[in-house]
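Below is one structure, written out as structure tokens; the observations come after it.
A short reminder: the numbers here are calculations on the coordinates, not readings from a lab. In this text, all values refer to a predicted model and were calculated from it rather than measured experimentally. Neighbour counts run over all protein chains shown; Cβ positions are idealised from the backbone, glycine included.
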Amino acid sequence: MDDENFEVRAYPELWAGLNMDVARFDKSRQMLGDVYRKMFLAQPNRPRAMRYFDGVIAEIFGGRIEEMLAAKQEGRPVVGTFCVYVPEEIVVAAGGICVGLCGGSQGSIPDAEKTLPRNICPMVKSAYGFKAGRICPYFQTVDFVYGETTCDAKKKTWELLDRLVPTHVMEIPQMKGLRDKAMWLAEVQDFKARVEAVCRKRVTESDLAGAIRTINDKRRALQRLTALRAADPAPINGRDGLLIEQIAFYDEPVRFARRVNALCDELEERVRRGEGVTAGRAPRVMIAGTPMALPNWKVHNLVEAAGAVVVNEESCIGTRYFKDLIEEEVSGLDRQLEALTDRYMRIDCSCFTPNNERIEQVLAEYRSSNAQGIIHYSLQFCHTYNIEEIRIREACEQKGIPYLAIESDYSPEDVGQLQTRIEAFLEQIRG
Ligand code: BJ8
């Protein structure tokens, strides 16, 4: 399919079989295709290997769903999650598929607001609305979903979501002491038992060792991509970087890692030749903060439309998802689960207190990505990120790092205002 005719493919019979609102969903499918053509395919000088990821988007509501349904038929579990604290290695060890269900779309929010309060995080509302409106084939396919207690909006929404789809909740502590670690390990063990019950299979040491390697490989590929984005000039746009980080939550992990590595081979060539993705030198911006779930491309699009390039996402759809690996040379299931818990405890979400690691991490990523300024992005009503933003701002002021804080939702209403603020920020970087 050439770029002008790109579309997200329709699977009306498949969707009807999943009890979806087909007519309504088909409109969002067409809109996604239109936006994708404008925001992604129209970019000049894209790496050739991005074709694979374009194909993933074309098949996002069909081909991947068929793979998930085939897995279910074979008795393999399909588990939906909302947070990078839920350990996907255990699902993969059971032969299953783990899929991220976070919502990044304004389209499902009215469905949520029929039930949920308006003044809560748009990510929570969008995800809930997808299920309530029967307008997400992933939600319609999963065996069960696994929520967590990271923030108040999420943990109270799971009680309501459970009426629509079986929803289990993993308790995530708010501190990182020894007692918290013991509790966390017990939660991981419970998660394993729940997954084993669905697939009627015990996860063995070698299953888990294989899954740890598979997901580590996926994270390594994403680390490699991030390191290449640090090159100056940047070999790839931030929109494509973010897109790949979003696809990491949907795609089959072995195939995904292979394709990311193929892209990295191409980018290495570009870096070797000193070739950048933009025509001249562009201001380099790092984004830190709350995750941007697909199709939330708002800030990246504004930054890059203004002539800058985004070089890093310090976010759960970004480096928080892949900066840490699980130790592989560990024997015995108990020790493996401990190593896994250790790795997950290193994720520095703002739901923890104190969370000094994240302040250090933002500064470290600023240096390693060769950025020239930081935009802190927080979704509306996300109290923990909005308040932690104060400490990030202070740290940036101390170091003389150009800094801008944005609080936004998924509606297009603030686009004009954001554009003005972002352009002024880029002027400050350009000096
Ligand atoms: S580990 S960032 S994925 S919780 S943005 S829903 S926190 S009100 S997404 Fe998150 Fe896990 Fe943390 Fe990452 Fe609540 Fe904030 Fe909304 Fe959030």
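At a glance:
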quantity	calculated
Qualifying trypsin sites (Lys or Arg not before Pro) for the range 76-160 [loop in DSSP, other Cβ within 10 Å: at most 11]	Lys114, Arg118
Over the chain: helical MRE at 222 nm, DSSP H runs n ≥ 4 each giving -39500 (n - 2.57), nearest 500	-16500 deg cm²/dmol
Spin-label pair Asn356/Asp334, simplified geometry with 7 Å Cα→Cβ offset, distance in nm	3.3 nm
Computed label-point distance, nm, for sites Arg24 and Arg421 using a 7 Å Cα→Cβ extension	3.1 nm
Sorted by Cβ neighbour density within 10 Å, fewest at the top, the residues Ser315, Ser411, Ser369	Ser411, Ser315, Ser369
Nearest-20 debye value, the chain charge dipole, Cβ charges on Lys, Arg, Asp, Glu	140 debye
Global form of the range 94-202, assessed from the alpha-carbon gyration tensor, a/c cut-off 1.5	oblate
Within the range 1-76, trypsin sites (Lys or Arg not before Pro) in DSSP loop having at most 13 other beta-carbon neighbours inside 10 Å	Arg48
Whichever lysines have a C-alpha closer than 30 Å to that of Lys72, once near sequence neighbours (fewer than 8 apart) are set aside	Lys27, Lys125, Lys131, Lys154, Lys155, Lys156, Lys192, Lys201, Lys218
Residue of Ala227, Ala279, Ala306 that the Gaussian network model of the chain assigns the largest fluctuation, springs spanning Cα pairs under 10 Å	Ala279
Cβ-Cβ FRET estimate between Lys114 and Arg37, R0 fixed at 41 Å, reported to 0.05	0.85
Dipole of the chain, positive end: most advanced residue of Ala339, Tyr11, Gly280 [Cβ charges, Cα centre]	Gly280
Amide hydrogen neighbours beyond the local backbone of Gln372, cut-off 5 Å, H modeled	Arg284, Val285, Met286
Fluctuation leader among Arg220, Arg393, Arg421 - the chain, Gaussian network, Cα springs under 10 angstrom	Arg421
Relative contact order [Cα under 8 Å, 6+ residues apart], the chain, whole percent	16 percent
